[in-house]
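Worksheet for the structure shown next.
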Amino acid sequence: MGLAVTVAVLLAATPTFVTRGDVTPEADLRREAEAAWTALASRYAGEAGGAPSKAPASITLQKGAALSSQRNGQGRPGWVELRQNTPGVLDERLRLALRHELAHQLLWWACPQSSDDRLFHEAFALAVSGELPAWKEGPYLSLSRAASDLARSPEVDTPRARRALARVLSESASGFPPALSRRLRQCQDGARWTSPLSIDELSGVGARAASPATVVVSRHSGEVVWSEGDVQRALPYGSVLKPFVYAAGAQPPALPPRPGVQEWACGAGLPENVDARTALLRSCNGYFLDWAARGSAPKAFGAWGPVLGALGLTRMPEDMADAIGLRSTVSLSPWGVAQAYRLLAEARPEVITLLADNAARGTLAELPASKALAGVATKTGTVRDAASRPQFGWIAAVDADLVVVMMRPGAMPRQFADEVPRALARARKQAGWDAARVQVLGLLPAGDVEARCPGAGFALEDGVPRAGAEAWAPLASLTRRGAAVCLGAPWRVRFPGGPEAGRDYAGVFIHSVPPPYRPPAGVPTTPSAMKARRGSDFIFRTTRLQYTAGVVSAEDVSLTGEARIALARVVAHNEQHSRHPNRPVCDTTHCQAFRGTVRVRPEESKAVGLAPLKWREWLTFSQGGEEPWRQERPRAEVERLLGRGLVSLRFEAGRVNYLRTESDGDATFESARSLPCDLLRSGLKLPSCPRTASFNGASLVFEGQGRGHGEGLDVEAAKASGARSDVILEDAYGR
């Protein structure tokens, strides 16, 4: 049909719109409805391959009193019910609602065979009404999570379900889902509606063959180290989630195997009674089914259900067969599986220790790759079809620093087990994925620090994950009984006086109270310095690479090239030589400034991959430079640090040497004292260790140059040198 003919047919088929005076202005509303109908019918024709063959003679537009959700749309064929917030005003919200409801009217007449298919009706109305942008506002919603939300509300009658549907619709690269186009052509052909539209059909899941997928995630920071394939696509997972059933169970029983039962065919030499540990390593389906039959097994993954749901599990399992993947009715993406194992490793390290035996006496034993997998915790899963052919093979692997999840279509896990050590080796070509720990935010009252997780946040309470970290909450409460872990995003941390939006912390928080700090005899210190030297109640774990980049950025964000590499090497070295005995480094200038994680730059990546530095002690560094400065401080403030009766001060070799007038009751004398200059510099908040000090009545005038304590690596000098990092470091610390 030509364009002109199509337009003529559409105009001729436009119904008469009738108003009843309860939505105003009536004439404007009718004109809006006519224009909307023409646009909707044109869109239908473009996708269906022809104009609608039928149209109603008239449609009544009226105010809705009690809008029903029991039919497609709100209203019934020939009647559209609307809410008008302000009488006489056709605002954008009302216009969108009108177009949405007219889309339902169009389908009732053009495609009556689909009238009971709620998902199809709602998908078409959302796709053509113009309201998709509004539904897509707000936090990012993954495609797998959207499918999960839709599965929970098949009637699509809640805002959450409509937002999920909008997310699925927005996945179409062409701007209109191919599944809807196919269904509209079915409408135009008058074909029978043999089955309702499904979420999988709408999102394209199952309509194309799966490709291999691999994702490697840091246990510490949670970031994706590398990935290949569609790691966000939710697929049936087989047995790979059995460890979460095991972790959720309380005192799992020992059960006798049942010979001849296929689900108990999990290797030769089963003991008379199989315990849960053996069942997990052997992946004995029969054990888990029989455990559920006894009524003591966890349902829907127990406490781990909310974790898997937050990571995109398409729905909660109805029974144990669903949970352990015997039925391919529930799906999760490789990325979601990896993030779940990251949390499991944090919450239940003993489960990870158990899975480390899998290559020796479990489903990956007696393979050429078994030796290379020694010490790596692994779990396999296989999804089979009705003929027991593998559809998807899964392996999840966890070592000290990384989580690897692989999915291979049409393969058994034992066929690609050798790819796991290769994936780990590829990840470790970039150094710095090992853990770094730092005491953070110790200068603040613990109750002033708040955190929230933009992804899926969990507080671990004695090994049990508890959700609820999406809103700002005191960090102390999140870490009260265990670690706080944010999956899929860095933590955001805020405190009074800090950035309103907070700082990023990609890693894990724990609560750990440091021992009381007692300064050495004769060393004066300010309250702030006392806090810095005491340490913090919060310990933050991230990767060595992320920690190094965060410190370098905090110390000198403008640094580049070999000078940045030199400083990064010092930073990474110092993390291993804490100034706090038996505690991690702190995040203040007492150790190394650290204000959260940042984007890693090539210099930091190169620095952590170089050989460790040869020095075996803390290496000092400062901004340095030659810029002169002059600052004045009240004498009383200086004497609070050095003691009363101050007579003179002299600076040399990184120390302040001074005289004080003292009395023993019978005589007055001058006593000589000496302290590290950095104590005076930090206590008085001077730019660097002074070169001179002079008395000026009730004040002292300090003069110096550069920034920092003036010891070790001079960052400004390093910038100016143009030398390689090795030369810069040897000039700073000796050969």
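The values are calculated or read from the model by the stated rules, or taken from the named source; none is laboratory data. This one's a predicted model, so the numbers in the text were calculated from it and none came from an experiment. Ideal geometry is used to build each Cβ from the backbone, glycine not excepted, and the neighbour counts take in all protein chains shown.
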Notebook entry, point to check: From Ala365, Ala451, Ala396, which residue is surrounded by fewer than 19 Cβ atoms within 10 Å (Cβ to Cβ) and touching a helix residue (DSSP H, G or I) at 6+ places or on another chain (Cβ under 9 Å)?
Noted result: Ala365
Notebook entry, point to check: Do we have Gln113 as part of a helix (DSSP H, G or I), surrounded by fewer than 18 Cβ atoms within 10 Å (Cβ to Cβ) and either at negative phi or out of contact with any Phe, Trp or Tyr (no Cβ under 8 Å at 6 or more places or on another chain) (or both) here?
Noted result: yes
Notebook entry, point to check: Just checking, how many residues over the stretch 531-543 are crowded, with 23+ Cβ neighbours inside 10 Å and not β-branched (Val, Ile, Thr)?
Noted result: 5
Notebook entry, point to check: How many residues, within the stretch 291-323, are among the small types (Gly, Ala, Ser), under 16 Å from the mean Cα position of the chain (by Cα) and outside any loop (DSSP other than H, G, I, E, B)?
Noted result: 2
Next item on the list: Please state which of the following conditions Pro519 fails to meet, knowing it meets all the rest: (1) modelled with pLDDT under 95; (2) buried (at least 22 other Cβ atoms within 10 Å of the Cβ); (3) in contact with a Ser or Thr (Cβ under 6 Å, 6 or more places away or on another chain).
Entry: (2)
Next item on the list: Go through the stretch 324-424 and tell me which strands (runs of 3 or more DSSP E), entirely inside it, have 2 or more residues that are under 14 Å from Gly238 (Cα atoms) and at pLDDT below 95.
Entry: 377-384, 390-398
Notebook entry, point to check: Filtering the stretch 547-587 down to residues that are under 26 Å from the mean Cα position of the chain (by Cα) and of a type in the set (S, T, N, Q), which residue is surrounded by the fewest Cβ atoms within 10 Å (Cβ to Cβ)?
Noted result: Ser553
Next item on the list: May I ask you to say which residue of Val231, Val261, Val245, Val224 is at pLDDT 95 or above and over 20 Å from Val383 (Cβ atoms)?
Entry: Val224
Check: Of Thr620, Thr661, which residue is β-branched (Val, Ile, Thr) and either touching a helix residue (DSSP H, G or I) at 6+ places or on another chain (Cβ under 7 Å) or closer than 27 Å to Ala554 by Cβ (or both)?
Finding: Thr620
Notebook entry, point to check: Can you find a residue in the stretch 36-56 that is in contact with a strand residue (DSSP E or B) (Cβ under 7 Å, 6 or more places away or on another chain), at pLDDT 90 or above and of a type in the set (S, T, N, Q)?
Noted result: no
Next item on the list: Take the stretch 277-319 and flag every residue that is among the β-branched types (Val, Ile, Thr) and modelled with pLDDT under 95.
Entry: Thr314
Margin query: I'd like to check something: does the stretch 218-233 contain any residue that is in a loop (DSSP other than H, G, I, E, B), in contact with a helix residue (DSSP H, G or I) (Cβ under 7 Å, 6 or more places away or on another chain) and at positive phi?
Written below: yes
Margin query: On the basis of being surrounded by fewer than 21 Cβ atoms within 10 Å (Cβ to Cβ), at pLDDT below 85 and of a type in the set (A, V, I, L, M), does Ala65 make the cut?
Written below: yes
Notebook entry, point to check: Cβ-Cβ below 6 Å, separation at least six or inter-chain, first residue in the stretch 208-235 and in contact (Cβ under 8 Å) with a residue 60 or more places away in the chain, second part of a loop (DSSP other than H, G, I, E, B) and not small (Gly, Ala, Ser): which pairs?
Noted result: Ala213/Asp230; Ala213/Val231; Val215/Val231; Ser218/Trp433; Arg219/Asp401; Gly229/Pro212; Ala234/Thr314
Notebook entry, point to check: In the stretch 550-582, which residues are touching a residue at least 40 places away in the same chain (Cβ under 8 Å), under 24 Å from Pro490 (Cα atoms) and not in a helix (DSSP H, G or I)?
Noted result: Asp556, Glu575
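Okay, residues lined up against (1) hydrophobic (A, V, I, L, M, F, W, C); (2) outside the structural domain of Ala247 (by TED's automatic domain parsing); (3) outside any strand (DSSP E or B):
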| position | (1), (2), (3) |
| --- | --- |
| Leu444 | yes, yes, yes |
| Ala451 | yes, yes, no |
| Gly457 | no, yes, no |
| Arg466 | no, yes, no |
| Val485 | yes, yes, no |
| Ala489 | yes, yes, yes |
| Arg492 | no, yes, no |
| Gly498 | no, yes, yes |
| Ala501 | yes, yes, yes |
Checklist line | strands (runs of 3 or more DSSP E) (entirely within the stretch 619-725) containing at least 1 residues that are among the β-branched types (Val, Ile, Thr) and surrounded by 14 or more Cβ atoms within 10 Å (Cβ to Cβ) | finding: 655-663, 699-707
Note to self: I'd like to verify a number: residues in the stretch 588-612 that are surrounded by fewer than 23 Cβ atoms within 10 Å (Cβ to Cβ), small (Gly, Ala, Ser) and either in a loop (DSSP other than H, G, I, E, B) or not assigned by TED's automatic domain parsing to the domain that holds Lys531 (or both), how many?
What the structure shows: 2
